[in-house]
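> Could you have a look at this structure, given as C-alpha cells, before my questions?
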Amino acid sequence: MPRLQLTVDQLRERALIVRRDIITLLAHAKSGHSGGPLSSADFGTVLFFHEMNLTPGDQKDAGRDLWHFSIGHVTPAIYALMGERGYYPLIDLLGFRSLEGHLQGHPSKHDTPGIDVSAGSLGQGLSVCCGMALGARMDGSSRRVYCVMGDGEQQEGQIWEAAMFAAHYKLDSLCAVIDYNRKQIDGDVQDIMGIAPLADKWRAFGWNVLEADGHDIPALLGAFAQAREAKGRPTVILAHTVMGKGVSFMEDDYRWHGVPPSKEQADKALREMGTTLDAWTERLRHHKEVAVAPSVNGAS
C-alpha cells in the first residue's frame, strides 16, 4: 500500500483543514479537549497524509502500519485526521461525544472503525506499541509502529519501563512522537513534575532521539525520514509545539487543555482560519464521500 506523501503545501492545507474540523466538532459537542488536539495537528497530518502506510476500511491488512495515540484525550485531532483520511464520512465528526455517534471522548476499539486499541489512562500507550513492534518482528513483517505521547505523560513510570523494553529488544520499527507543548491540565509541565532534560533521558535509555519544530512541515518530514533510517534502536521525536496552536486566544494557555470553545469562540477561531462555524459545519454535514482516496498516491 503506497503512502500518500502529499507535498509540503498540501500538508499545510490539510493541517489547516484538520484544525477547522477540531474546532467545529468541539463546538457542536460542547465538550472535549482543545489545547492538545491543536498542538498535535501538524505532526498528525504528516503522519496520516505522508508518513504512514494506511488502509482505511481494511484493518486486517497485514502490510499496513500501526499507530496509537497514548494521549487518548486528543480525540478531536484523532477523529479529524481519521475522517479526512477516509475512515468514515466527515459528517460523523458532528456526532463527537454524542450517544447517537460512534466517536467517544476517548478512542474506543469497539465503537470507532480504524481504532486498534482503546485508550484512556495515560502512560500505557508505549507499552502497547512495544508489543505491536515485537509482534510484527515475530511475524516477519516490515510494518512500522507509531506511538504518539504527551509531554506531561512522561511523568508516568510505565513510559520508562516500556522505553527500556524497546531499547533492549532493538525495536527499530518503533517511532514515538512526543507532543512537547510544555503544558498539562494543571499548568506548566516543568512546574508540576519536571521532565527536563527530556532528550538526554531518552538517549540514556538507548533511543535514537530527534528533535523538530512540531509545526514546521519540512522539519517534521526530515525527522520521520531520519527515523526510518535508524537501525538497531527505536526512535523518539520530540516535537516542540504550542498548546492551542492556530487559535490566537488559546495559544500557550494551559487552561484550554480540557475546555471546548463556545460557539461564539469557535466562530472567532474559525474566522482566524479563513472560514466560519456555519460554513465549516455545512462542509462536514454534506461532505460524505471519502476525503482522500487511500489508493491514490499524491492526492490532496
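The values are calculated or read from the model by the stated rules, or taken from the named source; none is laboratory data. What you see is a predicted model, and the numbers here were worked out from it, not measured in a lab. Every residue, glycine as well, gets a Cβ built from its backbone with ideal geometry; the counts of neighbours run over all protein chains shown.
> What single numbered condition from (1) part of a helix (DSSP H, G or I); (2) more than 24 Å from residue 105 (Cβ to Cβ) fails to hold for residue 265?
(2)
> May I pose another question? If we scan the range 71-91, do we find a residue that is assigned to a helix (DSSP H, G or I), over 28 Å from residue 242 (Cβ atoms) and among the aliphatic types (A, V, I, L, M)?
yes
> Return the residue satisfying two criteria in turn: it lies in the range 179-197 and is closer than 18 Å to residue 252 by Cβ and aliphatic (A, V, I, L, M), and of such residues it is surrounded by the most Cβ atoms within 10 Å (Cβ to Cβ).
Filtering the range 179-197 for residues that are closer than 18 Å to residue 252 by Cβ and aliphatic (A, V, I, L, M), the one surrounded by the most Cβ atoms within 10 Å (Cβ to Cβ) comes out as 189.
> Same structure, new question: Taking the criterion of being touching a residue at least 60 places away in the same chain (Cβ under 8 Å), small (Gly, Ala, Ser) and surrounded by 21 or more Cβ atoms within 10 Å (Cβ to Cβ), would at least one residue in the range 42-51 satisfy it?
So far as the range 42-51 goes, yes, one or more of its residues are touching a residue at least 60 places away in the same chain (Cβ under 8 Å), small (Gly, Ala, Ser) and surrounded by 21 or more Cβ atoms within 10 Å (Cβ to Cβ).
> Now, a different point. Report whether or not residue 114 is buried (at least 23 other Cβ atoms within 10 Å of the Cβ) and either at negative phi or modelled with pLDDT of 95 or more (or both).
Answer is no for this residue.
> Show me the helices (runs of 4 or more DSSP H) entirely contained within the range 142-234 in which 1 or more residues are within 19 Å of the chain's Cα centre (by Cα) and under 24 Å from residue 75 (Cβ atoms).
157-168, 217-229
> Among residues belonging to the range 99-153 that are among the hydroxyl-bearing types (Ser, Thr, Tyr) and in contact with a helix residue (DSSP H, G or I) (Cβ under 9 Å, 6 or more places away or on another chain), point out the one that is nearest to residue 186 (Cα to Cα).
Step by step, filter the range 99-153, then rank; the result is 121.
> Say we look at the range 120-164 and pick out the residues that are among the small types (Gly, Ala, Ser), surrounded by fewer than 24 Cβ atoms within 10 Å (Cβ to Cβ) and within 23 Å of residue 103 (Cα to Cα); which of these is modelled with the lowest pLDDT?
120
> Can you tell me which residue among 214, 244 is touching a residue at least 40 places away in the same chain (Cβ under 8 Å), surrounded by 21 or more Cβ atoms within 10 Å (Cβ to Cβ) and more than 17 Å from residue 153 (Cβ to Cβ)?
244
> Still on this structure: Keeping to the range 61-81, report how many residues are within 18 Å of residue 28 (Cα to Cα), of a type outside the set (Val, Ile, Thr) and surrounded by 24 or more Cβ atoms within 10 Å (Cβ to Cβ).
Here the count works out to 5.
> While we're looking at this one, here's another question. Which residues, counting only those in the range 253-284, are surrounded by fewer than 16 Cβ atoms within 10 Å (Cβ to Cβ) and under 21 Å from the mean Cα position of the chain (by Cα)?
255, 258, 273
> If you check residue 274 against the conditions, is it modelled with pLDDT of 95 or more, touching a His at 6+ places or on another chain (Cβ under 6 Å) and part of a loop (DSSP other than H, G, I, E, B)?
Spelling it out, it is not the case that residue 274 is modelled with pLDDT of 95 or more, touching a His at 6+ places or on another chain (Cβ under 6 Å) and part of a loop (DSSP other than H, G, I, E, B).
> Moving on to the next point. Among (1) within 24 Å of residue 125 (Cβ to Cβ); (2) surrounded by 24 or more Cβ atoms within 10 Å (Cβ to Cβ), there is one condition residue 23 misses while meeting the rest; what is its number?
Looking at each condition in turn, residue 23 falls short on (1).
> Here is a follow-up. Given the criterion in contact with an Asp or Glu (Cβ under 6 Å, 6 or more places away or on another chain) and either in contact (Cβ under 8 Å) with a residue 24 or more places away in the chain or farther than 14 Å from residue 37 by Cβ (or both), identify the matching residue among 101, 123, 72.
123
> Shifting gears a bit: Residue under question is residue 258, and the condition is that it be among the small types (Gly, Ala, Ser), modelled with pLDDT of 95 or more and within 19 Å of residue 185 (Cα to Cα); does it hold?
Yes, satisfied.
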